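See below for the structure under consideration.
Values in this text are rule-based calculations from the coordinates and carry no lab data. All values reported here derive from a predicted model rather than from experimental measurement. As a convention, Cβ positions derive from the backbone with ideal geometry for all residues, glycine included, and neighbour counts pool all protein chains shown.
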Amino acid sequence: MIEYLLLAPLLTSILCFFTRTKKQVETISVLGSIITLLLGLLLVVDVYKYEVIVTWQNALFADAFSAYIVLIVSIVGFVASLYSVGYMGHEHKHGVIDDKKLRLYYSLFHIFMFTMLLVGVTNNLGLWIAIEMTTLVSALLMILYSRKSSIEAAWKYMIICTVGITFALFGTILTYFAAVNILGETGDALNWTSLIAVADQFDPTIMKLAFIFILIGYGTKAGLAPMHTWLPDAHSEAPTPVSALLSGVLLNCAMYGIIRFYTVASKSTGEAFTSNLLIIFGLLSLGIAVPFILLQEDYKRLLAYSSVEHMGIIALGIGFGGVYGIFGAILHMFNHAMTKSLMFFGAGNILLKHDTKEIFNVSGVVKSMPVTGAMFVVGTLAITGSPPFSIFISEFTILASGFSQGHIVAAVLFLLFIIMIFAGFFNNVSRMAFGNPKPGIEKGDMGRWTLVAMGILMVFIIVLGVYIPTPFYEMIMRVVEIVR
């Protein structure tokens with residue numbers, strides 16, 4: 001099942017590259033993403049039954065946490081492929097991209113999916129290779145339009161993330177060094193399934209240093225402050241479906257790497273060391289996001305800084321610890337992926353209609369684009385943690401954990417930061433959503449494919465705000481046990 005899951009996007013990418021017509025490449029892309037989603041769901045079912053699946057000489061595996069990441073990647077990838085039909089179709093129709101670039105986009109899109117799925121099912125410290133692959137492919141997607149600003153953003157992204165991933169490599173090497181002293185020089189010294197069983201015997205000093213390198217390295221890719229500086233430029237300049245994948249999925253893949261190493265390091269260093277580091281970086285990410293959200297003039301950069309905030313919230317949840325803190329953090333990964341993808345899709349529709357990313361040059365979206373505008377406003381309430389939407393549940397759970405675990409000061413700061421972010425975020429969006437449209441803006445949404453994609457995400461946001469299905473709850477609880 002794991003091999004089929006990885007083969008599906010690869011084969012889809014090849015077919016997209018060699019297909020000639022626009023309709024054919026769009027059909028293949030959507031069908032490929034549907035197959036990937038179905039295989040991802042089947043993997044989730046298998047893991048639900050058998051708990052752990054190991055294959056390909058132990059190089060690939062899937063436990064509940066792996067399946068959870070695969071689920072997020074598969075759902076957002078499927079919805080982004082639907083949205084791409086409308087969004088990239090509009091760009092093609094208006095001559096922004098030609099047939100060659102359209103085929104290249106869809107081909108790279110599915111390779112990007114492959115790399116993120118590989119992150120979830122890699123059973124060893126070679127996770128580093130998979131995350132580096134995501135950097136290379138996503139950088140190529142950023143420069144699709146060949147604009148000067150997009151090339152600069154991709155270059156900045158490559159430089160900063162490559163430096164960060166180098167730190168992660170040092171942490172990986174140190175972890176392997178600690179494992180070799182216990183397991184010997186065998187391939188098992190690289191596998192998660194072997195590491196976690198003997199992690200309490202590792203040298204604490206080595207593992208402290210290793211975790212610092214890992215947190216800085218993968219934290220750079222996850223957008224944790226102060227290593228977040230690439231993120232606003234990259235998310236702003238990438239094609240909108242790619243921005244949704246970068247924010248909703250790729251950042252979660254990097255956080256997945258941090259949490260995997262957290263489970264190993266905590267057993268040797270003690271939870272206090274690793275948890276305090278995560279709390280510090282989490283609060284720093286929230287605090288830095290506040291002024292940039294309050295004073296932001298570009299709505300895609302506004303969403304990018306919101307991602308910095310939410311990665312900080314996930315780090316806080318893991319750092320606070322306890323069942324509720326970790327449960328809230330894991331649930332927040334899914335909630336953020338769905339909600340932020342919705343927001344980027346809405347921003348993409350607004351960009352196509354108004355041809356500007358400046359907040360002050362957009363107004364009356366609810367009137368000019370009734371469906372997009374309504375979902376964009378609802379998404380704004382959701383992404384800022386308002387009830388009764390899904391993010392409110394995960395944020396409230398994390399906040400409650402902060403108080404119950406004795407992190408009073410951190411929990412109070414968390415609460416103050418999200419209140420300020422709510423005020424700044426909604427103030428900026430209300431300027432765009434309400435009032436009268438700018439002269440020359442025709443009334444009408446941007447096509448059924450973009451609205452269908454947004455509608456699917458809206459279902460997750462609303463349903464998970466009032467009810468968590470039992471199988472989904474049990475899956476998250478299995479992940480909580482793995483992390484603990």
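Working note: Cα gyration tensor of the range 270-484, eigenvalues times five, square-rooted, sorted largest first, giving semi-axes of 33, 19, 12 Å. Ordered from longest to shortest, the equivalent ellipsoid semi-axes for the range 147-246 are 35, 13, 11 Å, each the square root of 5 times a Cα gyration tensor eigenvalue.
With R₀ set to 35 Å, the beta-carbon distance separating Ile151 from Ile419 gives a calculated FRET efficiency near 0.35. Per residue, the chain reaches -27000 deg cm²/dmol at 222 nm when only DSSP H runs of four or more residues are counted, each adding -39500 (n - 2.57).
For the modelled label position 7 Å from the Cα of Ile280 along Cα-to-Cβ, which residues of the range 200-234 have backbone nitrogen atoms closer than 15 Å? Answer for this model: 208-217, 219, 225-227. Shown here for the range 1-63: trypsin sites (Lys or Arg not before Pro) in loop regions (DSSP other than H, G, I, E, B) with at most 15 other Cβ atoms within 10 Å, namely Arg20. Exposure here means at most 14 other Cβ atoms within 10 Å; with chymotrypsin sites (Phe, Trp or Tyr not before Pro) in a DSSP loop as sites, the longest stretch of the chain lacking them is 57-433. The value obtained for the chain, namely the Cα convex hull volume divided by the number of residues, is 120 Å³ per residue.
Pairwise over distinct Cα atoms, reciprocal of the mean inverse distance: report the Kirkwood radius of the range 108-185 in Å, one decimal place. By the Kirkwood definition, the hydrodynamic radius is 14.0 Å. Taken about its Cα centre, the chain carries a charge dipole of roughly 1220 debye when the Cβ of each Lys and Arg holds +1 and the Cβ of each Asp and Glu holds -1.
Scanning residues 5 or more positions from Lys357 or on other chains, none has an amide H under 5 Å from its amide H, with H placed 1.01 Å from N in the peptide plane. Applying 1/(1 + (r/R0)^6) with R0 = 22 Å to the Cβ-Cβ distance of Ile468 and Asp46 gives a FRET efficiency near 0.50. Within the chain, the longest run free of exposed loop sites, counting GluC sites (Glu not before Pro) that sit outside DSSP helix and strand states (H, G, I, E, B) and have at most 14 other Cβ atoms within 10 Å, spans 298-441. Where does the charge balance sit around Glu237 when Lys and Arg score +1, Asp and Glu -1, over other residues with C-beta under 12 Å from its C-beta? Combined, the nearby Lys, Arg, Asp and Glu give +3.
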